Amino acid sequence: MLIKFTDIYAPGALTVIYGPFSSGKTSLSLRIACNTVLARGKVFFISTENELFVERILDNRILEKIDIAVIRDYKQQHYIVTRRLEPIVSRGNYNLIIVDSITGLMRTWDNIEEAVKMINMQLAYLLYIARKYMIPVIVTGQVRAVISEEPVEQVGEDFEATAKSILEYWATIMIRLEVIGGGYRKLIIEKHALNNKLENVSTRFKLVEGTIVELTPNTNHNT
């Protein structure tokens, strides 16, 4: 089965994309943003770390249709997502919301239990907005190392999403990215509540200067 870009996001759905540094999380999100703009849509992009990258790789004609909000404080992130985002979406006629990254600023919050409650509430609001306005919402997530007794080559990449259980709970679609060398990244659909036939299906994509060139099927589609 060949995965298409439209398999990893959908109106009314919350997509979570996670992976290690340079695995293509932002690039994949921006490819979807470009597709949205080319279809005469409008995008609201919340950045906690990568707005300069966004501006560098996107054509100015695309950027004109992407509104970028820069956030560097977890409290501000929580306020924007839970209090300000819905009025912004309702007035702005946006066709796609991206939060890059939803978990990046969690580590700056002193009280971890409070930080977890906040991310839980943010994801709930994002799914609510996706369903109410029937638009896709995409969030990217950081990862943390997983210590295993087995050799890494036997168990695969030794990482998992930060706040994984919470992300899995709220996600309609959950995507894992891995770096596999030669400019290629592996994309695995771990959860797909809209089409369970896509779960555990994988594909590859190639990055050239931060831009996704193609999605290509793996020899073995199932992980």
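For LEU28, all conditions in the list (1) in contact with a strand residue (DSSP E or B) (Cβ under 8 Å, 6 or more places away or on another chain); (2) closer than 20 Å to TYR128 by Cβ; (3) outside any strand (DSSP E or B) hold save one; what is the number of the exception?
(2)
Do any residues in region 24-49 that are free of Cβ contacts under 8 Å to residues at least 40 places away in the same chain have Cβ atoms under 6 Å from those of residues that are surrounded by fewer than 22 Cβ atoms within 10 Å (Cβ to Cβ) and basic (Lys, Arg), where the two are at least six apart or on different chains, and which pairs are they?
If the second residue must be surrounded by fewer than 22 Cβ atoms within 10 Å (Cβ to Cβ) and basic (Lys, Arg), the pairs left are VAL37/LYS65.
Quick one: in region 33-54, of everything that is open to solvent by 20 Å² or more (accessible area, probe 1.4 Å), in contact with an Asp or Glu (Cβ under 8 Å, 6 or more places away or on another chain) and over 16 Å from THR211 (Cα atoms), which residue is modelled with the highest pLDDT?
LYS42
Filter region 1-23 down to the residues that are assigned to a loop (DSSP other than H, G, I, E, B) and open to solvent by 10 Å² or more (accessible area, probe 1.4 Å) and list them by number.
The answer is MET1, LEU2, LYS4, TYR9, ALA10, PRO11, GLY12, PRO20, PHE21, SER22.
If you check ASP100 against the conditions, is it open to solvent by 20 Å² or more (accessible area, probe 1.4 Å), among the charged types (D, E, K, R) and touching a helix residue (DSSP H, G or I) at 6+ places or on another chain (Cβ under 8 Å)?
no
Could you go through region 114-122 and let me know if any residue there is in contact with a Phe, Trp or Tyr (Cβ under 6 Å, 6 or more places away or on another chain) and among the aliphatic types (A, V, I, L, M).
Checking region 114-122: at least one residue is in contact with a Phe, Trp or Tyr (Cβ under 6 Å, 6 or more places away or on another chain) and among the aliphatic types (A, V, I, L, M).
The values are calculated or read from the model by the stated rules, or taken from the named source; none is laboratory data. These numbers were taken from a predicted model, which means no experiment stands behind them. Heads up, the Cβs are rebuilt from the backbone with ideal geometry, glycines too, and the neighbour counts pull from every protein chain shown. Side chains included, ligands, DNA and RNA excluded: accessible areas come from the protein's heavy atoms. Shrake-Rupley method; radii C 1.70, N 1.55, O 1.52, S 1.80 Å.
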